2 protein chains.
Amino acid sequence: MFGKFTHNVDPKGRLFVPAKLREELGDVFYVMIGLENSLMVFPESKWEQVNESFNSVPLSDSGALRYIRSNVARCEPDKQGRFVLPPILRKYANLTNDVTFLGQGDHAEIWDADAYNAKEAAWLANSDNLATALKELGL
Amino acid sequence: MFGKFTHNVDPKGRLFVPAKLREELGDVFYVMIGLENSLMVFPESKWEQVNESFNSVPLSDSGALRYIRSNVARCEPDKQGRFVLPPILRKYANLTNDVTFLGQGDHAEIWDADAYNAKEAAWLANSDNLATALKELGL
DNA sequence: GATTAAAGTTCCACAAATTCCCACAAAAAA
DNA sequence: TTTTTTGTGGGAATTTGTGGAACTTTAATC
């Protein structure tokens, strides 16, 4: 999963799955809260792994995990390729108008478009950042 | 992959893969942002290596890599040997009219032709540059 | 318990964008 | 020159993305 795609949430809270990600995300996927008010989207296969990890943590340590897990949404897109994102998640990520999907290899991320653009622009503005990152990748 | 080839982007954002690079790039290749507003093009085999590097970085540290990865495009040339470069990448590299491909061994680079020519001219203007470079190569 | 309102789903329709395909000019090879 | 390959343009058909209507379900009110 790669690339950046921007769509809007409609008044009913429906989100369109970008065509390029649709196949990889499949008919059923899971949305969970992520870092910095982003959301993470897992295709079913990956979700099973994540779920395993949840289960391997002892219940007593699970304060934070309880919160995360209780806000997971199982989503199934409709015929047009849209799905309804529960209000809690929409609120967590401040999704109001435009929303960007980011392909991140084995999963995707959902961000409020403005918030993400600001972050990205700030990062790109410092060209050392890119040079360092490429070096880390061995390029 | 070697050589320098210049073609144009058409209004639909299509780029022609230079004949001499076509075989080495294959039916599927990946385009990613590079230094100084250039783009990097990887054949599938090389891309797999790069992708490994991406995956070896823990999610929490991946801030920088997020921006890079979300600007990757998987490309498949059409029957004429052209492929569509997503607007984000075209914009990043300021591709409007003429575009040059540079063969760089295991990958290729894409530059705006004017921008690249200017850089090249500036570099050539100082003859010490060449001497230094050859020395680095042990020649 | 019936009626109405609100919220949530499913479906249909349409514009815009993208893909696919055909045609042709220019350049290179035979 | 003739033939093939390379490079470019554009139209037709399909897909994508968006809005909203119609229908269900849930809840609220009398």
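A short reminder: the numbers here are calculations on the coordinates, not readings from a lab. The shown structure was predicted, so the numbers you read here are calculated from the model rather than taken from an experiment. Cβ: placed from backbone, ideal geometry, glycine included. Neighbour counts: every protein chain shown.
Which FRET efficiency, nearest 0.05, do A:Ser53 and A:Lys91 yield, Cβ-Cβ r, R0 35 Å? It comes out at approximately 0.85.
Give the order of A:Phe101, B:Phe2, B:Phe42 when sorted by the count of other beta carbons within 10 angstrom, beginning with the fewest.
Taking fewest neighbouring Cβ atoms as first place, the list is B:Phe2, B:Phe42, A:Phe101.
Placing R0 at 51 angstrom, the Cβ-Cβ distance between B:Asp78 and A:Ser62 gives a FRET efficiency of 0.50 after rounding to 0.05.
Let me confirm one metric for peptide A:97-106, namely the mean number of other chain beta-carbon atoms within 10 Å of its residues' beta-carbons. Spell out each step's value before the answer.
On the way: counts 0, 0, 0, 1, 1, 5, 6, 8, 7, 1.
Counting Cβ atoms of other protein chains within 10 Å of each residue's Cβ and averaging gives 3.
Can you give me the relative contact order of chain B as a percent, contacts being Cα pairs under 8 Å and 6 or more apart?
Values: 200 pairs, mean separation 47.0, N = 139.
Taking the mean separation of contacting Cα pairs over the length of chain B, I get 34 percent.
Give, in nm to one decimal, the length gained when the segment between A:Asn71 and A:Lys135 is fully stretched (0.36 nm per residue of separation minus the Cα-Cα distance). Can you show the working numbers first?
Numbers: separation 64, 0.36 × 64 = 23.04 nm, distance 3.68 nm.
Using 0.36 nm per residue and subtracting the Cα-Cα distance, I get 19.4 nm.
Toward the positive end of the charge dipole of segment A:1-45, with +1 on the Cβ of Lys and Arg and -1 on the Cβ of Asp and Glu, the farthest Cα among A:Tyr30, A:Val9, A:Met40 is that of A:Val9. With runs of 4+ DSSP H residues as the only contributors, calculate the mean residue ellipticity of the protein assembly as shown at 222 nm using -39,500 (n - 2.57) per run, divided by the residue total and rounded to the nearest 500. Mean residue ellipticity at 222 nm (helix-derived): -11500 deg cm²/dmol.
Give me the mean projected area, in nm² to one decimal, of the convex hull enclosing the Cα positions of chain A.
Numbers: hull surface 38.4 nm².
Computing the convex hull of the Cα atoms and averaging its projections yields 9.6 nm².
What separates the Cα centres of segment B:21-68 and segment A:1-30 is a distance of 22 Å. Beyond 26 Å between alpha-carbons counts as too far, so tell me which of A:Lys79/B:Lys91; B:Lys46/B:Lys79; A:Lys4/A:Lys135 fall in that bin. With Cα atoms farther than 26 Å apart: A:Lys79/B:Lys91.
From other protein chains only, count the Cβ atoms within 10 Å of every residue's Cβ in A:127-137, then give the mean. Mind showing how you got there, number by number?
On the way: counts 3, 0, 4, 7, 3, 1, 9, 9, 0, 8, 13.
Counting other chains' Cβ atoms within 10 Å and averaging over A:127-137 gives 5.
Given Cβ point charges of +1 (Lys, Arg) and -1 (Asp, Glu) and nothing else, what value in debye, to the nearest 20, does the dipole of segment A:4-112 about its Cα centre take? Could the numbers behind the result be given before it?
Values: 13 positive and 15 negative charges, 78 e Å.
Using Cβ point charges on Lys, Arg, Asp and Glu, segment A:4-112 gives about 380 debye.
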